[in-house]
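Take a look at the structure set out below.
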Amino acid sequence: MADPVASVEKIVKLGLKIKQAVDTVRKNEEVCREITKRVLRFSDILSHSQLQQTGMLDANPAMAGALEDLEETLERALELVTACQGRSTIRRLSTARELSRQLRGVKDDILNQAMLALFAINTHTTVLLNTIRISIHGGAPTIRQQEGTGPMEISHSSHSTEDVRYEQNSEENNVLGGCEALVAPFVEITLREFRLSDLNTASNGFSDSNIIGQGGIATVYKGVLSDGSVVAIKKFRWEPPLGWGHTYEQLVLASKLEHKNVVKALGYAQEAGLAVMEWWSKSSRNCAGKEREYIWVEEYVPKGTLHEIIHCQEPRLEWSSLIRIIEGIAQGVNYLHEQRVIHLDLKPTNIVLDSHMNPKITDFEAAKVLSGNQMKHSIFTKGTFQYIAPEYLTGGPMSTVNDVYAFGITLLETVSGIRRRCSDKKPGQFQLHQWAWKALEGRGRKELDPALFVKSQLMQIKRCIQIGLLCAQHEWADRPTMPDVLSMLNGEKLLPTPRKPGYITGG
């Protein structure tokens, strides 16, 4: 069995060699630099994790094997990058196209192998730390998450004065995403692995009668587990565009979010007969001719989506209920932004309501963790057209203002829930922006259903429409932040006048 400490040292050295080689490449520069960035990030995580000094890299077969696989992948990456220097180091690479193809392949392999290695280290570390803590303090450790943005706290007794705290970002206490999320020291990843057979039983064999939602690539079923707990079971019909590895990362990210207005991710189910790391490695690649099961399990939220509430539900909600929903969504989005998470697909169909009509944001498949105030635009534009900010749609950077725009459209759509339902108009004929400006200017009151609000609420309704239009401003610099939005909703902040776009007519 390989020595984990030696493997880590070699991985760090290989990262430096790859960086040096990339500085002199003559072809495939972009993919080579992407490989370098990825390799240096992982080697930096390993070299600064202090696992070597604390003895937590002691022999463990799964961890040693994962590190050894990563080491071999980096050696192959170094070989390919060296070939891009224009020398004939690798004679079997006969064409530039073949070299480019292999570089892209090894870039994906680096991500897969590194994530497997970090997962193994984190699992081994968690088990080791818990064993040590239990032997010292006695009893099983408990984890509690403070409301809002406080640090996750792990303690062993209500009387303990030596609680171990890990702030997920030392400066801003943000949720870490992707690879970093899997190596956060002292924090357990509480993802439960469900058996496919148990979920099959819970959903009555994934019966159509258990379907509670359906999206582009997944169907959501209501399930009742053997212990009586009710869950939502999201079954993917085919591989997501960015692959299973990306979907697993999103699940890890969602599982770290703790807020009353965010749906809690509970776990996943994997293909029968595969270990977690083996399954993930295999399902991260396209395997022609063989379908693989992938299921995401979340808390069950019984009252359906906000879209159904606004457009379909009878009897309809009154304004007093809608404003509470708007405030809850704002609090949820603000929490995500405090954690430096941008949702990128906020819309009424991705907001569900619990038994108390408390809104919860769901579906983090498109979400990103910001490394700074903005991120470079992805090759994929994610989201739903109506809710996508103009600058993001045209290739601009990803930032929190993208979510603010989507929140503005969602807010306006929610307010439109108190309009009269006109049987002579099809849903597609309703122009939300046109109606909102008309209502703000005092010309749309006749369209409101007086049975759903009282006269004293008209000022609050108009204020919400104005906030929605501010959030949905065409220029991103004109939009408020989510803390500003909360202050506006609470009446603690004066509202600027939104700029009316030229395509809005005066009639």
> Which residue, of 370, 317, 346, is under 18 Å from residue 408 (Cα atoms) and either at pLDDT below 85 or not aromatic (Phe, Trp, Tyr) (or both)?
Replying inline: 346
>> Considering only residues that are modelled with pLDDT of 90 or more and of a type in the set (Asp, Glu), which ones fall in region 289-313?
In response: 298, 299, 308
> Does region 265-280 contain any residue that is of a type in the set (Val, Ile, Thr) and at pLDDT 90 or above?
Replying inline: no
>> Here is a list: 286, 261. Which entry is touching a helix residue (DSSP H, G or I) at 6+ places or on another chain (Cβ under 9 Å) and at pLDDT below 50?
In response: 286
> Which residue pairs have Cβ atoms under 9 Å apart, sit 6 or more places apart or on different chains, and have a first residue in region 305-330 that is in contact (Cβ under 8 Å) with a residue 40 or more places away in the chain and under 18 Å from residue 421 (Cβ atoms) and a second that is surrounded by fewer than 21 Cβ atoms within 10 Å (Cβ to Cβ) and among the basic types (Lys, Arg)?
Replying inline: 309/303; 309/316; 310/316; 311/421; 316/421
>> Pull out all pairs, ordered by first then second residue, where Cβ-Cβ is under 6 Å, the residues are six or more apart or on different chains, the first lies in region 242-256 and is modelled with pLDDT of 75 or more, and the second is in a helix (DSSP H, G or I).
In response: 248/280; 249/178; 252/181
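Every residue, every condition in (1) modelled with pLDDT of 90 or more; (2) closer than 20 Å to residue 348 by Cα; (3) touching a Ser or Thr at 6+ places or on another chain (Cβ under 9 Å); (4) not in a helix (DSSP H, G or I), yes or no:
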| residue | (1), (2), (3), (4) |
| --- | --- |
| 403 | yes, yes, no, no |
| 462 | yes, no, no, no |
| 468 | yes, yes, yes, no |
| 477 | yes, no, no, no |
| 484 | yes, no, no, no |
| 488 | yes, no, no, no |
| 491 | yes, no, no, yes |
| 495 | yes, no, no, yes |
> Looking at region 428-473, which of its residues are without any contact (Cβ under 8 Å) to a residue 12 or more places away in the chain and of a type in the set (Asp, Glu)?
Replying inline: 441
> Out of the residues in region 458-507 that are among the hydrophobic types (A, V, I, L, M, F, W, C) and over 32 Å from the mean Cα position of the chain (by Cα), which is surrounded by the fewest Cβ atoms within 10 Å (Cβ to Cβ)?
Replying inline: 494
>> For the structure I just gave you, tell me whether residue 423 is at pLDDT below 95 and farther than 26 Å from residue 369 by Cβ.
In response: yes
>> Give me the residue from region 32-50 that is of a type in the set (A, V, I, L, M) and buried (at least 22 other Cβ atoms within 10 Å of the Cβ) and, out of that set, modelled with the lowest pLDDT.
In response: 46
>> Between a residue in region 20-31 that is closer than 14 Å to residue 74 by Cα and any residue that is surrounded by 14 or more Cβ atoms within 10 Å (Cβ to Cβ) and at pLDDT below 80, which pairs come within a Cβ distance under 7 Å, given they are 6 or more apart or on different chains?
In response: 21/85
> Is one or more of the residues making up region 418-434 surrounded by 18 or more Cβ atoms within 10 Å (Cβ to Cβ), under 24 Å from residue 332 (Cα atoms) and in contact with an Asp or Glu (Cβ under 6 Å, 6 or more places away or on another chain)?
Replying inline: yes
> Does at least one position in region 431-446 carry a residue that is within 30 Å of residue 399 (Cβ to Cβ), at pLDDT 90 or above and part of a loop (DSSP other than H, G, I, E, B)?
Replying inline: no
>> With the requirement that a residue be loosely packed, with under 12 Cβ neighbours inside 10 Å and under 17 Å from residue 364 (Cα atoms), what does region 216-237 give you?
In response: 216
> Do we find that residue 455 is surrounded by fewer than 17 Cβ atoms within 10 Å (Cβ to Cβ), more than 17 Å from residue 387 (Cα to Cα) and touching a Ser or Thr at 6+ places or on another chain (Cβ under 7 Å) in this structure?
Replying inline: no
> What are the residues in region 350-365 that are of a type in the set (A, V, I, L, M) and touching a strand residue (DSSP E or B) at 6+ places or on another chain (Cβ under 9 Å), if any?
Replying inline: 351, 352, 353, 361
> residue 311 fails exactly one of the following numbered conditions: (1) assigned by TED's automatic domain parsing to the domain that holds residue 223; (2) over 25 Å from residue 257 (Cα atoms). What is the number of that condition?
Replying inline: (1)
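The values are calculated or read from the model by the stated rules, or taken from the named source; none is laboratory data. Remember, predicted model here, so these are calculated numbers, not experimental data. Positions of Cβ are backbone-derived with ideal geometry, glycine not excepted, and every protein chain shown enters the neighbour counts.
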